[in-house]
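Read through the structure below, which is laid out as structure tokens, and then see the notes.
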Amino acid sequence: MAHILLVEDSPEVSLSVREILASVGHTVEEAASGKEGLKRLRAGKFDAIVSDIWMPEMDGIALLKEIRGAGNEIPVVVISGGAPNAPLTYTAPLAATFGANIVIYKPFEKAELLKAIDSVLAD
Amino acid sequence: MTTSAAAAFDTDAPALREFDRLTAQALLKAMPSAAVVLDAAGTLIAHNVPAVDLLQTHVLAVVGKPIEGPFRIMAERARRMTGGDAPASFEHAVGNSWYHIVTYPVRAREDGPALQIIAAADISPQKHAEFEIRESEARLEEATRIAQLGTYKLQWDTEAVQWSPHMYVIHGLSPDTFPATPESYLELVHPEDRELYEGYRRNQFEGKALHGAEYRIVRKGAVRWLRLDGRVLFDADGEPYASFGTCQDITEGKQREQELKNLLRRNAILYEALDASPIGVAVVTTEGPRPEVFYVNAEFERLTGYKTYSLAKRSFAALQAEDDRGEWENVFRALATSSGGSFELKCLRRDGTSFLANLQVAPVRDHPGRDATVFVFNIRDITEDRQRAELLLQSQKMEALGQLSGGVAHEINNLLQPVLALSELGQDLIDSDPAKVRKYFEVIASSGRKARDVVRQVLTFARRDVPQLAAYPIAVLVSDAINLLHSGLSPGTRLNVTIDADGAHAVVNPTQVSQVVLNLVKNAADAMHGAGTVDVALMLADLDQAAAAALSLQPGRWITLRVIDRGCGMDTYTLSRVFEPFFTTKLAGKGTGLGLSVAYSIVMGWGGLLKLESEVDKGTTAMVYIPAASAP
């Protein structure tokens, strides 16, 4: 089982994602912004990151840039609130560009997230 | 007239005694002039044939009777002149005729009676010619005086120059100090025109007449323009001997001519400029029974296909499209009321096609206070503009729709996430961990409520019906809204409320007032991350001209609602976009990005103004201006 850093500003979304991950035995550390996520990443040791995009202080794209810029190859699953065809979702393709391993769209079901986690951990 | 025939009489010669009567008769008969012989008493003794007409002019004069008529007047005049003892000679008019009169006192014998011979030679033709000359000379003099003409004459052989008095006036000289000679004259001529003037003189010497020969002189330091018209005089042998002519000061005329030239040039430039204008220009007069086109420029012609003259005849009837008469009526109404305006109308071209035109009409007020009778029309083809604007509007609509749907989708997706995930997880835990399931349900319910709020906000924003507005005591509404708010704010947020607008009324909608207060205060609290003091102040403000102009508001009494936070503030980019729907900087689930746009559109609906001032890390001030109204 993996130790996962969850970066998400909405407490409700964070709770639901944490519960999905915990239900299969992953351990989760939560951060409410990119900035906080970066701090926790430096302090701890994680197998993967699950990150939102649109967050205050430091958004998911900036967080990705920091991580990949520092040469860190940790697997990242981006969870996006945008619909694939709406203008705001430009951040989702952007996330892939900046090194997200997988982007999945909210609202997702338990299996979808777990499948994504499994696939990035397997790589 | 000679009288030597009478002087040849030798009255002493005895041979003549008998002869003299006959001689006298013969002499009288031979004289071509009318002649009479009178005695000392004035009795007509004899007359010749030419005298008959004169004798009969007045009353019938009869030999042997006292003389009557013109001869009597002549005799008396001669007597007055000489006392009757000496010959007299004078000119005398009888009616329209003139006579040269010679009278002689005659005594045929020493003891004979004293007689008087009166001879009257008709000199009417000479006299009339003389009068004519004198009269025409006087007329010429008068005419040159009136026309301010100077006259000159140059005798070629002697180079003698004769100037009329006005010639001296024209040249600013006096006959006493200026000896007019061809050489001295050349000195007066403007140096640049001397060659020209010499040319005129050479032409004259070649026998040519001068017509309107213009040149400049320097008169007392000032340049004057002169004009010469002259001709050459020839003697009986056809040899030229003198030049003669008139001279005129045409300086004023020249100045007027120059002014006219300038005016024409300016006119031409204006016409060229108008023709270069990318806007169609027409000048219309309403002096006649219907508006008449006075001028159209090149662009107008290009747009409509009509030139000035072809439109002048038909007026604007030619441009009116059948299906757009109404707007044209408005144009004519503007003309009739001397006002202007901007009109959008369909314009017919000469070839029958049409275009959408923006027509701006402006009255030309040449007499302030009087109705304008001249109007300038500016016309533009806005067919393409309109199409472009529609496309732009369409694309803006699509962009806004995209932003709106994207924003709503983002919010709802985030709220659906816990609903979907926790309901799925909860099903597995119903028996094993009911406490956890209960917690899941709480989160699901709270997410559902939030989703409901989002949908409501979207509906509020999208709603097009106008809410009922009425005059309310604004202080009461704001207090109520703040009381409702308190419970919804995080415990760390303190409100410092000042309400100083007692009795002030505003035409608003109470629900909208609480929406505005709620949105602004929540934003302020969020900017401080739920910890700090938000100042809320409701006050009255009397805006003077300058203060009102700075805000683009009408001067007068306004109600101001100020919401101040000392939070994170906004940069210029954010500040420029805050009123856009779904523009948000807030955490997911905490803001829809609709709050400020909703507040903005509500305040605008009241005829008010919502204005934000912000500085990064210092805080933000939201100012709402609401027009004060009288109590209902």
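Any read-out appearing in this document is the output of simple, stated calculations on the displayed coordinates, not a laboratory observation. The shown structure was predicted, so the numbers you read here are calculated from the model rather than taken from an experiment. Positions of Cβ are backbone-derived with ideal geometry, glycine not excepted, and every protein chain shown enters the neighbour counts.
Please report the antiparallel percentage of the DSSP beta bridges confined to chain A, to the nearest 5. Can you show the working numbers first?
Working: 0 of 17 bridges.
Percentage antiparallel, nearest 5: 0.
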Open item on the list: Under a crude label model (7 Å from the Cα following the beta-carbon direction), how far is B:GLU183 from B:THR353 in nanometres?
Closed with: 8.0
TODO: Sketch the reach of a paramagnetic label on B:PHE294 as a point 7 Å from Cα along Cα-to-Cβ, and name the residues of region B:330-353 whose backbone nitrogen lies under 20 Å away.
DONE: B:331-342
Task: Burial ordering of A:MET55, B:MET623, fewest other beta-carbon atoms within 10 Å first - done: B:MET623, A:MET55
- [ ] Evaluate the Debye formula for the protein assembly as shown with equal point scatterers sitting on the alpha carbons, no solvent, and hand back log10 of I(q)/I(0) at q = 0.05, 0.08 Å⁻¹, in q order, two decimals.
- [x] -0.62, -0.95
Open item on the list: So the label point goes 7 Å from the Cα of B:SER136 along Cα→C-beta, right? Which residues of region B:233-247 then have their backbone N under 13 Å from it?
Closed with: none
TODO: Using Cα positions and a limit of under 20 Å, work out the lysines in reach of B:LYS254, with same-chain residues fewer than 8 apart set aside.
DONE: B:LYS220
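For region A:5-46, divide the Cα radius of gyration by the Kirkwood radius and give the resulting Rg/Rh value with two decimals.
Ratio value, two decimals: 0.97.
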Task: Estimated distance in nm for a label pair at B:MET604 and A:ALA62, the labels positioned 7 Å out from Cα along Cα-to-Cβ - done: 3.1
TODO: Identify the GluC sites (Glu not before Pro) of region B:264-366 meeting these criteria: DSSP loop state and at most 11 other C-beta atoms within 10 Å of the C-beta.
DONE: B:GLU287
TODO: Please name whichever of B:GLY288, B:LEU356, B:ALA121 sits farthest to the positive end of the charge dipole of chain B, dipole taken about the Cα centre and charges placed at Cβ: Lys and Arg +1, Asp and Glu -1.
DONE: B:LEU356
TODO: Could you tally the net charge around B:PRO165, taking each other residue with its Cβ under 11 Å from the Cβ of B:PRO165, Lys/Arg +1 and Asp/Glu -1?
DONE: 0
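Here are some pairs, B:LYS450/B:LYS522; A:LYS35/A:LYS65; B:LYS153/B:LYS208; B:LYS522/B:LYS611; A:LYS115/B:LYS436; A:LYS39/A:LYS65; which of them have Cα atoms lying more than 18 Å apart in this structure? Walk me through the numbers before you get to the answer.
Numbers: B:LYS450/B:LYS522 15 Å; A:LYS35/A:LYS65 12 Å; B:LYS153/B:LYS208 15 Å; B:LYS522/B:LYS611 16 Å; A:LYS115/B:LYS436 24 Å; A:LYS39/A:LYS65 14 Å.
Correct reply: A:LYS115/B:LYS436.
Per residue, how big is the convex hull around the C-alpha atoms of region A:3-122? Give it to me in cubic angstrom, could you?
Values: hull volume 11.1 nm³, N = 120.
With only Cα atoms used, region A:3-122 gives 93 Å³ per residue.
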Task: DSSP-defined beta bridges in the protein assembly as shown - what % are antiparallel, rounded to 5 - done: 80
Open item on the list: Given points 7 Å out from each Cα along the Cα-Cβ axis, report the B:SER124 to B:LEU459 separation in nanometres with one decimal.
Closed with: 12.7
Task: Net charge of Cβ neighbours under 10 Å - reference A:LYS110; Lys, Arg +1; Asp, Glu -1 - done: -4
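Please state the shape class of region B:147-255: rounded when a/c is under 1.5, otherwise prolate if a/b exceeds b/c and oblate if not, all from the C-alpha gyration tensor.
Judged from the Cα gyration tensor, region B:147-255 comes out prolate (a/c at least 1.5, a/b above b/c).
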Open item on the list: Let me check I've understood the local charge: for B:LEU188, count other residues with C-beta under 11 angstrom from its C-beta, Lys and Arg +1, Asp and Glu -1. What total comes out?
Closed with: +2
Task: Kirkwood hydrodynamic radius of chain B, from inverse mean 1/r over distinct Cα pairs, in Å - done: 38.8
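Counting DSSP beta bridges in chain B, what percent are antiparallel, to the nearest 5? Spell out each step's value before the answer.
Numbers: 111 of 119 bridges.
Given both bridge residues lie in chain B, the antiparallel proportion sits at roughly 95 percent.
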TODO: Would you mind checking region B:341-357 for residues with the amide N under 13 Å from a putative spin-label position 7 Å along Cα→C-beta of B:ASN330?
DONE: B:341-346, B:357
- [ ] Enter the mean projected area of the convex hull around the alpha-carbon atoms of region B:204-286, in nm², rounded to one decimal.
- [x] 11.2
Open item on the list: Straight-line reach from A:LYS45: which aspartates and glutamates fall under 19 Å, measuring Cα to Cα and dropping same-chain residues less than 8 apart?
Closed with: A:GLU8, A:GLU29, A:GLU30, A:GLU36, A:GLU66, A:GLU73, A:ASP118, A:ASP123
Open item on the list: Per 0.36 nm of contour for each residue apart, how much would the distance between B:ARG202 and B:ALA147 grow if the chain were fully extended, relative to their Cα-Cα spacing?
Closed with: 17.1 nm
